[in-house]
């Protein structure tokens, strides 16, 4: 009797699947109203920053495939805590996402704006385990004065090797020509970092951003070569 043929090996997961699966493990770690309340960690940390209406919460929830991981307030600018989310399979944390409060919203009192600008600046300059920053920007508005201040704050660390991504959200609102122009401008402003178009609605840029974040957190590892 002829022996049955061996079962074909399952195909190796693609780079996008590896990165997406990793981000899907995101879970709440802690929240802190001030920098000194954040735990000291030796894990790679990736911070998401941006104006209150730049789509930051939507972006985080889309990348992690979780609808309510990052809180999207109906009153932009009201969430004034630094929220940390752990990443890693089998419950073993190998990296952390930091969701920083949105800034620049007009309804927030000036004193609160100044206080949070100082908190974020201190975090971005002094957080020792910070490995990368994702600055979210609505390309229809372009980089604002506060975005420019943030870029100047992080520029020395980016020049020293800190990873940086300028992510243009809500790209589905742009025509093809507008998107091309916005991306070209963003690349000039990224200061040695990277720039990318992103749309949660059209699923644009999700795989690319996921893989980039995975590489930031795992610099010694390699994603499947065929799909990089």
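Values as computed for the structure displayed
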item: Close pairs (6 angstrom Cβ cut-off, 6 or more residues apart or separate chains): at positive phi and touching a residue at least 12 places away in the same chain (Cβ under 8 Å) in segment 30-51, part of a helix (DSSP H, G or I) and surrounded by 13 or more Cβ atoms within 10 Å (Cβ to Cβ) anywhere; result: 50/56
item: Residues being under 19 Å from residue 215 (Cβ atoms), modelled with pLDDT of 90 or more and not in a helix (DSSP H, G or I) - total across segment 3-41; result: 4
item: Conditions (1) in contact with a helix residue (DSSP H, G or I) (Cβ under 8 Å, 6 or more places away or on another chain); (2) surrounded by 17 or more Cβ atoms within 10 Å (Cβ to Cβ); (3) outside any strand (DSSP E or B); number of the one not met by residue 136; result: (3)
item: Odd one out for residue 125, checked against (1) part of a helix (DSSP H, G or I); (2) surrounded by 12 or more Cβ atoms within 10 Å (Cβ to Cβ); (3) modelled with pLDDT under 90; result: (3)
item: Pairs where the first residue, in segment 97-117, is on the phi > 0 side of the Ramachandran plot and crowded, with 16+ Cβ neighbours inside 10 Å and the second is assigned to a helix (DSSP H, G or I) and at pLDDT 80 or above, C-beta under 8 Å, 6+ apart; result: 104/146
item: Within segment 42-64, tally of residues that are in contact with a helix residue (DSSP H, G or I) (Cβ under 7 Å, 6 or more places away or on another chain) and not in a strand (DSSP E or B); result: 4
item: The listed residue being touching a strand residue (DSSP E or B) at 6+ places or on another chain (Cβ under 9 Å) and within 16 Å of residue 59 (Cα to Cα), out of 183, 100; result: 100
item: Count - residues of segment 48-94 that are modelled with pLDDT of 85 or more, closer than 11 Å to residue 136 by Cβ and touching a strand residue (DSSP E or B) at 6+ places or on another chain (Cβ under 8 Å); result: 10
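The values are calculated or read from the model by the stated rules, or taken from the named source; none is laboratory data. These numbers come from a predicted model, not from an experiment. Cβ atoms come from the backbone with ideal geometry, glycine included; neighbour counts cover every protein chain shown.
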